[in-house]
Amino acid sequence: MISPPGEINRLVFFGTPTVAVPFLEALCVQGFDVGLVVTGPNKRRSRRAEPTPSPVGAAARAAGIAVSHKAADALNVAADLGVVVAFGQIIQPFVLDKLAMVNVHFSLLPRWRGAAPVERAILAGDTTTGVCLMEVAEGLDTGRVYRQVRLPIALEVTAAALTAELVDIAVAMLVEALRTGLGTPEPQQGTPTYANKINTQDRQLHWDRSAQILHRQVRVGGAWTTWRNKTFKVWQAEQISPAQMQVEIAQPLGVGQIYVDDQQVVVGTGNGWLRLIEVQVQGSSRQQVQDWLRGARLAPGEQMG
């Protein structure tokens, strides 16, 4: 592994999804010479569509920057540094031996190494997260850290909104570090935890869990259950107490039981209630819960899940 030079101007940018695009754009606006962008391969976005570039690939082409899908091509452009943001591929050791690289990671390392640090932080109930600028080393997010900025996690914030906040912070952090010098990186301190990619099971709402845990799943995005044998997604919800209902419910709500009052939809959980705000029934578009209610014609005692 090679160390970065003291002065940095010519870069290779490694990134693939939309979240990485603001970093590439900022580097160009700030006058850095991006000699090459390495990104994931073109993909079909639907069954019959032609393969299209990744969001980063499209942004690079719009800016007139050469694009490659092979990390080794970074060695052909005489760059001072590689900048990695959500690249999604392992960079081979022989490339790391010849080109110094830094990586932007959306957590306070070594907590939440891996693919889904923002989502895992929300699911775990973390109250603080942040971003790190770290060296790229062999192993999963094991490199030493150049910069770190902390950010509190608001109680209601979604993964999408939190990611947007972190991107703004990280873009400024990256540009400042490249302008003023990276300095000496510090080893990560603490016990590592791992942020595995979020899967369908992680998003499934089990109503015997607490309203707090279910609300975290909703905040991650794509949370789902079933209703009348159809997939039923909950895009927005909130925890609610009996006092907030402003009406007395004759009997406690059972797990997964739906209660409707004055255009409110509340579902019983293992501990507490969840009020639904934005939902989506299989085969339909996302809608406010009041719009869903008009066509649902709920029967007394209906269940979710």
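The values are calculated or read from the model by the stated rules, or taken from the named source; none is laboratory data. Computed from a predicted structure; not experimentally measured. So basically every Cβ, Gly included, is an ideal-geometry build from the backbone, and we count neighbours across all protein chains shown. The protein model used for the area step is the full one, side chains on, heavy atoms only, and it has no ligands, DNA or RNA in it. Shrake-Rupley method; radii C 1.70, N 1.55, O 1.52, S 1.80 Å.
Observations
- Most mobile listed residue (LEU11, LEU293, LEU123) in the chain, GNM with C-alpha springs under 10 Å: LEU293
- Volume per residue of the C-alpha convex hull in segment 15-165, rounded to whole Å³: 131
- Kirkwood-type hydrodynamic radius, the chain: 21.6 Å, calculated from all non-identical alpha-carbon pairs.
- Residue-wise HN-Hα coupling along segment 265-281, computed from phi with Karplus coefficients 6.51, -1.76, 1.60 (Hz; x: Gly, Pro): 10, 10, 10, x, 10, x, 7, x, 10, 10, 8, 7, 10, 10, 9, 8, 8
- Burial order of peptide ranges 259-271, 86-98 (average beta-carbon count within 10 Å, highest first): 259-271, 86-98
- Neighbours of LYS233 by Cβ distance under 15 Å: Lys/Arg scored +1, Asp/Glu scored -1, total +2.
- Computed packing ranks the peptides 143-152, 110-119 as 110-119, 143-152, most packed first, by mean other Cβ atoms within 10 Å.
- Residues whose amide H falls under 5 Å from that of ALA223, counting only those 5 or more places apart or on a different chain, are VAL234, with hydrogens built in the peptide plane.
- Convex hull of alpha carbon positions in segment 253-295: directionally averaged projected area 3.2 nm².
- Each residue of segment 72-80 was assigned a 3J(HN,Hα) from its phi angle through the Karplus curve 6.51 cos²θ - 1.76 cosθ + 1.60 (θ = phi - 60°); the sequence is 5, 5, 5, 7, 9, 10, 6, 7, 7 Hz, with glycine and proline shown as x.
- Cα convex hull of segment 162-297 - mean projected area over all directions, nm²: 12.4
- For segment 1-129, the share of DSSP beta bridges that are antiparallel, to the nearest 5, is 5%.
- Fraction of accessible area attributable to carbon and sulfur, the chain (%, probe 1.4 Å): 49
- Charged neighbours of ASN9, selected by a Cβ distance under 14 Å, balance to -1 (K, R count +1; D, E count -1).
- Expected-Rg normalisation [2.2 N^0.38 Å, Cα atoms] applied to segment 89-221: 1.14
- Sequence ranges 160-166, 189-195, ranked by mean other-Cβ count within 10 angstrom, highest first: 160-166, 189-195
- Here the Karplus relation 6.51 cos²θ - 1.76 cosθ + 1.60, evaluated at θ = phi - 60°, turns the backbone of segment 134-145 into coupling constants of 10, 6, 8, 10, 5, x, 7, 6, 9, x, 5, 10 Hz, with x for every Gly and Pro.
- Of the complete DSSP H runs in the chain, those spanning 20 angstrom or more by Cα along the long axis with a mean Kyte-Doolittle score not below -0.5 are 159-180.
- Segment 63-145: antiparallel DSSP beta bridges as a percent of all, rounded to 5: 55
- DSSP beta bridges confined to the chain are antiparallel in about 65 percent of cases.
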